[in-house]
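Taking it in order: structure first as structure tokens, then the write-up.
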Amino acid sequence: MKVLVVDDEAPIRRFLTASLTAHGNEVRQAEDGGAAIREFTTWNPDAMILDLGLPDQDGLDVLRTIREFSETPVIVLSARHHETQKISALDAGANDYVTKPFGMGELLARLRRLFRDFTDAENAVEDGSLRVGNLSINMAQRSVELDGQSVRLTKKEFDILAFMARHPDKVLQHSQILEECWGQAYRDQTHYLRVYIKNLRAKLGDDSEDPSLIVTEPGVGYRIVSNTGPD
């Protein structure tokens, strides 16, 4: 696997490079945002490990730039521990978030999982789409239409909807959705999920008081209903 390591601290870059290389990966380094974007566009890595505290620009800006043209897996590696900062990184397109100090074994495991999931997705039918009730979900274009009208979703909102749509009428536990869309470290963070489900319902015209599309299974999780019309 080709991994781009972006961090302004040389000791961390050296440590990550040595560890990743020892596990059979090819590694390149960047010490700031500008170098990160240049390396990414010219080298086309399979994954990126990104620090947020870069000297020339915030790592979130680098992530947003990358997400304009690539869905390559990105793990944010940062000393920022506050919940809102983690949410901002995930909303900007990060696939996972690891706080410093970190264990190399855990980081490697997360990297392998992300790359495996990304490869599986690339191997899926490229022009595949799903229909759930009045919804049409284009997996390749990451677009959603409701009754033929385009619906703008954030990356994470789309990830949640697409995951649920792949399992219509099945009760998905909170932890299942969280692990699929955020990563294993977030499987207990149900407050993340409640906020996103609320936003999804609003954008999809699903009554939050009496939802008919994304139904709450109290204490368990959520279920997307494949037929919301009359019986």
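The values are calculated or read from the model by the stated rules, or taken from the named source; none is laboratory data. These numbers were taken from a predicted model, which means no experiment stands behind them. With ideal geometry, Cβ positions are generated from the backbone for all residues, glycine too; neighbour counts draw on all protein chains shown. For the accessible areas, the whole protein counts, side chains as well, though only heavy atoms, and no ligand, DNA or RNA atoms are used. Shrake-Rupley method; radii C 1.70, N 1.55, O 1.52, S 1.80 Å.
I'd like the residue in segment 69-118 that is part of a helix (DSSP H, G or I) and β-branched (Val, Ile, Thr) and, out of all such residues, is least open to solvent (accessible area, probe 1.4 Å).
By that ranking, first place goes to Ile87.
With respect to Ser143, determine if the residue is modelled with pLDDT of 85 or more, over 15 Å from the mean Cα position of the chain (by Cα) and under 25 Å from Met48 (Cα atoms).
Yes.
Pairs only if they're at least six apart or on different chains, beta carbon under 7 angstrom, first in segment 131-159 and in a strand (DSSP E or B), second modelled with pLDDT of 90 or more and open to solvent by 60 Å² or more (accessible area, probe 1.4 Å); list them, first residue then second.
Listed pairs, sorted by first residue: Ser136/Glu145; Ser143/Ser150; Leu146/Gly205; Val151/Glu145; Val151/Lys203.
Just one of Asp159, Asp210 is farther than 26 Å from Ile75 by Cα and either at pLDDT 90 or above or open to solvent by less than 40 Å² (accessible area, probe 1.4 Å) (or both); which is it? Even if it seems obvious, please write down each step before you answer.
Values: Asp159 fails: farther than 26 Å from Ile75 by Cα.
Only one candidate passes the filter, namely Asp210.
Conditions tested, residue by residue: (1) within 23 Å of Thr84 (Cβ to Cβ); (2) part of a strand (DSSP E or B); (3) acidic (Asp, Glu); (4) open to solvent by less than 20 Å² (accessible area, probe 1.4 Å).
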position	(1), (2), (3), (4)
Val3	no, yes, no, yes
Asp8	yes, no, yes, no
Ile12	no, no, no, no
Leu16	no, no, no, yes
Thr21	no, no, no, no
Val27	no, yes, no, no
Ile37	no, no, no, no
Ile49	yes, yes, no, yes
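Considering segment 143-156 alone, what residues qualify as being over 21 Å from Tyr192 (Cα atoms) and surrounded by fewer than 16 Cβ atoms within 10 Å (Cβ to Cβ)?
Ser143, Glu145, Asp147, Gly148, Gln149, Ser150
Filtering segment 162-184 down to residues that are over 13 Å from the mean Cα position of the chain (by Cα) and under 25 Å from Ser88 (Cβ atoms), which residue is most open to solvent (accessible area, probe 1.4 Å)?
Within segment 162-184, the match that is most open to solvent (accessible area, probe 1.4 Å) is Gln176.
For Pro55, state whether it is open to solvent by 70 Å² or more (accessible area, probe 1.4 Å), in contact (Cβ under 8 Å) with a residue 40 or more places away in the chain, assigned to a loop (DSSP other than H, G, I, E, B) and not β-branched (Val, Ile, Thr).
Criteria met by Pro55.
Mind checking which pairs have a first residue in segment 59-74 that is free of Cβ contacts under 8 Å to residues at least 40 places away in the same chain and a second that is among the polar types (S, T, N, Q), Cβ under 6 Å, 6 or more apart or different chains?
Val74/Asn95
Can you tell me which of (1) open to solvent by 60 Å² or more (accessible area, probe 1.4 Å); (2) closer than 21 Å to Pro168 by Cβ is the one Val195 doesn't meet?
Exception for Val195: condition (2).
Show the residue pairs meeting these rules: Cβ distance below 6 Å; 6+ apart or different chains; first residue within segment 172-188 and under 15 Å from Ile75 (Cα atoms); second residue buried (at least 20 other Cβ atoms within 10 Å of the Cβ).
Every condition considered, the pairs that remain are Cys181/Ile160; Gly183/Asp96; Tyr186/Leu178.
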